[in-house]
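Quick notes on the structure that follows.
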Amino acid sequence: MVATPIVAGNWKMNKTPTEACSFIQESVNLLLDIDRVKVIFLPPFTGLFDMHVEHPFSLGAQNCHWEDQGAFTGEISVGMLKDCGVSYVIVGHSERRHVFSETNDWINRKVKAIIAADLIPILCIGETFEQRKSGQTNQVLEEQLQDGLEMINSLEKLVVAYEPVWAIGTGITASVEQVSGALSLVRDILSIQFSDSNIDNSPIIYGGSVTPTNAEELISVPGVDGFLVGGASLNIESFTSIIKIVDKIILNK
């Protein structure tokens with residue numbers, strides 16, 4: 001496990017700016033003793049403006065465009081996000097891939113734009129149920145990593161989030177063996193693609209129906225460096241409970 005694990009809360013299309021501000025303030029007040037976990041709040045774009053957080057808390061965005069500016073109605077540039085105090089940006093989330101048909105090429109462009117702006121991409125990868133059932137998991141993860149990180153020279157500022165699509169929002173959590181196997185594969189792929197990098201220092205987090213009930217078991221899986229939390233991040237009690245569980249595990253190691 002990396003020195004400082006990550007727990008990121010992806011709110012998706014939930015919470016107004018007022019609700020977002022209140023949620024973050026209440027969460028921070030419940031986590032005043034936390035200093036061994038990086039906590040990232042990922043509200044909708046509207047919840048980023050005039051939102052100020054301090055270490056160990058950070059702001060992240062759920063998406064971006066790769067161009068600095070232009071006639072791209074409805075899109076948000078990396079520069080706009082940076083001006084809002086954003087430190088992290090999700091790219092390649094399964095909903096962006098499968099609902100909005102984003103390609104690996106688009107995702108790669110976004111990764112490069114985020115890194116060029118000195119922000120940190122959270123690159124999401126993962127297979128569908130049909131792909132896993134047909135034995136394509138390895139191929140899918142390899143393609144998503146190699147194509148998504150093409151022309152990227154270092155893992156120094158990058159987070160990889162393994163999220164099996166069949167476990168996102170379904171209540172189905174990948175087994176310990178499935179998570180361990182997938183993360184081991186991810187590290188093998190990255191170690192080949194980035195032969196000069198220290199893969200052990202590159203955070204790889206898990207997402208897919210993470211809850212306070214399964215967080216302790218999942219964070220104990222070798223190679224899991226934290227979580228990208230979806231539904232459970234919308235509730236203050238469940239999200240802060242997950243963070244406290246991760247913090248406790250780290251303290252006891």
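Numbers for the structure displayed
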item: In Hz, Karplus ³J(HN,Hα) per residue of region 7-14 (6.51, -1.76, 1.60; θ = phi - 60°; x = Gly, Pro); result: 10, 10, x, 8, 7, 6, 8, 9
item: Chain lengthening between D33 and T73 when straightened (0.36 nm per residue, less Cα-Cα); result: 10.2 nm
item: Listed values (i) 24, 23, 17; (ii) 27, 20, 18; (iii) 28, 24, 15, entry calculated as semi-axes √(5λ) of the Cα gyration tensor in Å; result: (i)
item: Pairwise FRET efficiency - S180 versus A3, Cβ, R0 = 22 Å, nearest 0.05; result: 0.60
item: Extended-chain gain in nm, criterion 0.36 nm per residue less alpha-carbon gap, I192 and T16; result: 59.1 nm
item: Per residue, the convex hull volume that the Cα atoms of region 79-216 enclose (Å³); result: 124
item: Value of [θ]222 nm, deg cm²/dmol, for the chain, DSSP H segments ≥ 4, -39500 (n - 2.57) each, nearest 500; result: -11000 deg cm²/dmol
item: Amide N proximity, region 82-116 versus V140 label position 7 Å along Cα-to-Cβ, cut-off under 13 Å; result: 94-95, 97-99
item: For region 165-233: rounded, prolate or oblate by the Cα gyration tensor [a/c cutoff 1.5]; result: prolate
item: Fraction of accessible area attributable to carbon and sulfur, the chain (%, probe 1.4 Å); result: 50
item: Accessible area per residue in Å² at 1.4 Å probe, computed on the chain; result: 47
item: Residues with amide H under 5 Å from that of I120, placed H, sequence gap 5 or more; result: Y88, V89
item: The chain - share of DSSP beta bridges that are antiparallel (%, nearest 5); result: 0
item: Separation of the K133 and D83 label points, Cα + 7 Å toward Cβ, nm; result: 4.8
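The values are calculated or read from the model by the stated rules, or taken from the named source; none is laboratory data. The structure presented is a predicted model; accordingly, all values stated were derived computationally and were not measured. Note that we place each Cβ from the backbone using ideal geometry, even for glycine, and neighbour counts take in every protein chain shown. Heads up: the accessible areas ignore ligands, DNA and RNA and are worked out on the full protein's heavy atoms, side chains in. Shrake-Rupley method; radii C 1.70, N 1.55, O 1.52, S 1.80 Å.
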